[in-house]
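Beneath this line is the structure, given in structure tokens, with notes to follow.
What follows draws every value from the coordinates through simple rules; no lab data is involved. All of these numbers come straight from a predicted model, not from anything done at the bench. Don't worry about glycine lacking a Cβ; one is built from the backbone with ideal geometry, like all the others, and counts go over all protein chains shown.
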Amino acid sequence: MTIAFKQVEKISKALGDANRLKILHHISKKGGCGQCCEIQDVVDLAQPSISHHIKILIEAGLIEPEKEGRNHKYTLNNHVLQQYIDVIGALQS
């Protein structure tokens, strides 16, 4: 099953921000799983701004949240990311 074009649009918009790309890159470098507290070291933003960017990444399906006690961790959704790459790759003639 491939992702719908609406989802492709949502992912494209989510990837259109440098801070969200930095967050995804950080999570990827950490083996696909990153802690919320580490993200503050990656992007120079206040916590409410970080939460906003995280929310957009979650809504796009690029990361999945998980609560561990008082902390949050985020896991890269490789399946959605690969589907997105496949759809974009199919645009080549």
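Coupling constants for the range 32-41 follow from the phi torsions by the Karplus curve (6.51 cos²θ - 1.76 cosθ + 1.60, θ = phi - 60°), and in residue order they are x, 9, x, 8, 4, 5, 6, 5, 4, 6 Hz; glycine and proline get x. The H on the amide N of His72, modeled in the peptide plane, is under 5 Å from the matching H of Cys36, Cys37, each at least 5 residues off or on a different chain.
The calculated P(r) of the range 12-69, using every Cα pair and 5 Å bins from 0, goes 4, 20, 34, 28, 13, 1, 0 in percent.
Each residue of the range 76-91 is assigned a 3J(HN,Hα), and the resulting list reads 5, 8, 4, 5, 5, 4, 5, 4, 4, 4, 4, 5, 5, x, 5, 6 Hz, derived from the Karplus form 6.51 cos²θ - 1.76 cosθ + 1.60 (θ = phi - 60°), x at Gly and Pro. Taking amide H positions as modeled 1.01 Å from N, with prolines and chain starts lacking one, the residues under 5 Å from Asn77 and 5 or more places away or on another chain are Ile63, Glu64. Once both labels are positioned 7 Å from their Cα atoms along Cα-to-Cβ, the gap between Leu91 and Gln40 label points is 3.7 nm.
Apply 1/(1 + (r/R0)^6) to the Cβ-Cβ distance of Cys33 and Lys67, taking R0 = 22 Å, and write down the FRET efficiency to the nearest 0.05.
Working: r = 13 Å, r/R0 = 0.61.
Taking R0 as 22 Å, the efficiency between Cys33 and Lys67 is 0.95.
Restrict the search to the range 1-91; then list the trypsin sites (Lys or Arg not before Pro) that DSSP places in a loop and that have at most 10 other Cβ atoms within 10 Å of their Cβ. Can you show the working numbers first?
Values: sites: Lys6, Lys10, Lys13, Arg20, Lys22, Lys29, Lys30, Lys55, Lys67, Arg70, Lys73; in loops: Lys30, Arg70.
Counting only loop positions with at most 10 other Cβ atoms within 10 Å, the trypsin sites (Lys or Arg not before Pro) in the range 1-91 are Arg70.
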